[in-house]
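Chemist: Take a look at the following structure, please.
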Amino acid sequence: MSKKNIIPIFVPHLGCPNDCVFCNQNKITAASTNVTSEDVRNTVEEYLNYFKNKKNIEIAFYGGSFTAIDLNIQKSLLSVAKEYKEKKIVGEIRISTRPDCIDEEILNTLNYYLVDIIELGVQSLDRDVLLRSNRGHDDKCVYKSSEMIKDYGFKLGLQQMLGLPGDTLEKSLFTAEEFIKIAPDIVRIYPTLVIKDTQLLKDLESGNYEALSLEEAVYMSKEILKLYMINNVNVIRIGLQPTENIQLNKDVVAGPFHPSIRQLVEGEILFEVIKNYFSNIEINSGELTIFASGKNISNLSGQKGIIKAKIIELLKLKKYKLQRDVVPNSELVLSYNNVRKNIKILDYLTLEKKCT
């Protein structure tokens, strides 16, 4: 399948019914959102002119609380997206919302306007983490909303945040295990960033919250991603998309921000695979060549060659060569000691904790 072309429509919810500790969207009861149908149309046209490949296009309404805004405004915005889908100019429509903003009326509306994917900003299924993050809903509504979305025939996306107040690796693994039971179509993983003008920043400054370091976030993300990989859950993103404002020293005040955090995570996973494979094998020649897809070649080198250096040190290599080849992303081909070995990445992953 060709790469999906996303048309992002950012819908800030100025009247959000809840103030999560990590969010800085202002609570303005007199307004629902400042985005209009004309804004949607202009954005769609802008991106359509930009895309070279006009296939596999998706309109995605981002903002986190789409179905909590005024229903008439929802319909106005979605009507534009529906028009482009009916003309077969776009293939899918996506929205994201809160788990407690799903009911039959909402789902019927989304169905009428041809929405395909509903993502829920779940963040955590640990009750203490939900409470300390001031999410405003319990874990039960996540299961109920997820079931309703799937029953209506929508694709389900779940979003998980790591490092929220009170969170631990064990609690995040629990959330991932529960996500696996829910069986979403897609998952996103977001290590928590501290954004300006939030309660989380106040808690950080008062010493009541400690942000994850980049090293901690990569490790936690690695363990969570491995669990999803082994259970065949499609993780489409790790870390917030960098924008003009989502940068350190702009809106991001603290936390593990990195523009390519997924590459850091996947590089560490491949290092673990190599380590596990060679745990009982000695490379007598001191030479190792790995044939892999372009994506895995990049990850096996790593940012500034860090994974490459770790593998060379681990195996005491005299020569380490990476060669791009027609190899599935799920496999590697290792050449050493006059042996050429195809291995499946999943066969050499070890979990911090077994999925129950």
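Rule-based calculations on the coordinates, nothing more; no lab input. Because the structure is predicted, anything quoted here is derived from the model rather than measured. Cβ coordinates were reconstructed from backbone atoms using ideal geometry, including for glycine residues, and neighbour counts include every protein chain displayed.
Chemist: What is the gain in length, in nm to one decimal, between Asn342 and Ser285 on full extension, counting 0.36 nm per residue of separation less the C-alpha to C-alpha distance?
Modeler: Once the chain is fully extended between Asn342 and Ser285, it gains 18.6 nm.
Chemist: Test of the criteria: in the range 48-111, which trypsin sites (Lys or Arg not before Pro) are in a DSSP loop and have at most 11 other Cβ atoms within 10 angstrom of their Cβ? The partial results should precede the final answer.
Modeler: Working: sites: Lys52, Lys54, Lys55, Lys75, Lys82, Lys85, Lys87, Lys88, Arg94; in loops: Lys52, Lys54, Lys55, Lys87, Lys88.
Listed in order of number, the matching sites are Lys52, Lys54, Lys55, Lys87, Lys88.
Chemist: Pick out, in residue order, every one of the GluC sites (Glu not before Pro) in the range 265-356 that is DSSP loop and has at most 12 other C-beta atoms within 10 Å; say none if there are none.
Modeler: Values: sites: Glu266, Glu268, Glu272, Glu282, Glu287, Glu313, Glu331, Glu352; in loops: Glu282, Glu352.
The qualifying sites are Glu282.
Chemist: Could you work out how far the C-alpha centroid of the range 253-321 sits from that of the range 132-149, in angstrom?
Modeler: Cα centres, the range 253-321 to the range 132-149: 38 Å.
Chemist: With a cap of 11 neighbouring Cβ atoms within 10 Å, and only residues DSSP puts in a loop, list the GluC sites (Glu not before Pro) found in the range 160-260. Before the final figure, lay out each step's value.
Modeler: Working: sites: Glu170, Glu177, Glu178, Glu205, Glu210, Glu215, Glu216, Glu223, Glu244; in loops: Glu210, Glu244.
Those satisfying the criteria are Glu244.
Chemist: Fewest Cβ neighbours within 10 Å first, please rank Phe66, Phe179, Phe154 accordingly. Present the calculation step by step, with values, prior to reporting the outcome.
Modeler: Numbers: Phe66 27, Phe179 23, Phe154 20.
Placing the least packed residue first, the sequence is Phe154, Phe179, Phe66.
Chemist: Quick one: 3J(HN,Hα) in Hz for the range 320-337, Karplus 6.51/-1.76/1.60 with θ = phi - 60°, rounded, Gly and Pro as x.
Modeler: Going residue by residue, I get 10, 10, 10, 10, 5, 8, 7, 10, x, 4, 7, 9, 9, 10, 9, 10, 7, 6 Hz, with x marking Gly and Pro.
Chemist: Tell me which aspartates and glutamates have Cα within less than 12 Å of Lys181's Cα, excluding those fewer than 8 residues away on the same chain?
Modeler: Straight-line reach from Lys181, under 12 Å: Glu147.
Chemist: Under a straight-distance cross-link criterion of Cα-Cα below 23 Å, which lysines are reachable from Lys54, leaving out those fewer than 8 residues away in the same chain?
Modeler: Lys3, Lys4, Lys82, Lys85, Lys87, Lys88, Lys155
Chemist: If you plug each phi of the range 72-85 into the Karplus form 6.51 cos²θ - 1.76 cosθ + 1.60 with θ = phi - 60°, what whole-Hz ³J(HN,Hα) values come out, in order, with x for Gly and Pro?
Modeler: 5, 6, 3, 4, 5, 5, 5, 4, 5, 4, 4, 4, 5, 6
Chemist: What distance in nm separates the two pseudo spin-label positions at Asp128 and Lys88, each 7 Å out from Cα along the beta-carbon direction?
Modeler: Each label point lies 7 Å from its Cα, and together they span 5.6 nm.
Chemist: Percent relative contact order of the range 269-335, based on C-alpha pairs within less than 8 angstrom and at least six residues apart?
Modeler: Values: 87 pairs, mean separation 30.0, N = 67.
Once normalised by length, the contact order is 45 percent.
Chemist: Dipole of the range 5-258 (Lys/Arg Cβ +1, Asp/Glu Cβ -1, origin at the Cα centre): which of Tyr190, Gly239, Ile93 lies farthest to the positive side?
Modeler: Farthest towards the positive end: Ile93.
Chemist: Given the rule -39500 (n - 2.57) for each run of at least 4 DSSP H residues, summed and divided by the residues of the chain, what is its mean residue ellipticity at 222 nm, to the nearest 500 deg cm²/dmol? Let's see the in-between values first.
Modeler: Values: 11 runs with 131 residues, N = 356.
Taken over the chain, the calculation gives -11500 deg cm²/dmol.
Chemist: Sort Lys3, Lys310 so that the residue with the fewest other Cβ atoms within 10 Å of its own Cβ comes first and the one with the most comes last. Walk me through the numbers on the way to the answer.
Modeler: Numbers: Lys3 8, Lys310 16.
If I rank by nearby Cβ atoms, fewest first, I get Lys3, Lys310.
Chemist: Run through the DSSP bridge list for the chain and note the antiparallel percent, rounded to the nearest 5.
Modeler: On the way: 11 of 47 bridges.
Roughly 25 percent of the beta bridges in the chain run antiparallel, per DSSP.
Chemist: Go ahead and run the numbers for FRET between Asn234 and Leu114, Cβ-Cβ distance against an R0 of 25 Å, rounding to 0.05.
Modeler: Details: r = 22 Å, r/R0 = 0.89.
Computed FRET efficiency for Asn234 and Leu114: 0.70.
Chemist: While we're on this one: Need the list of lysines near Lys316 for cross-linking: C-alpha distance under 21 angstrom, and skip anything on the same chain fewer than eight residues off.
Modeler: Correct list for Lys316: Lys275, Lys304, Lys308, Lys341.
Chemist: Out of residues 5 or more away from Tyr62 or on other chains, whose amide H comes under 5 Å of its own, with H placed 1.01 Å from N in the peptide plane?
Modeler: Under 5 Å from the amide H of Tyr62 lie the amide H atoms of Ile9, Phe10, Val11, each far enough along the sequence or on another chain.
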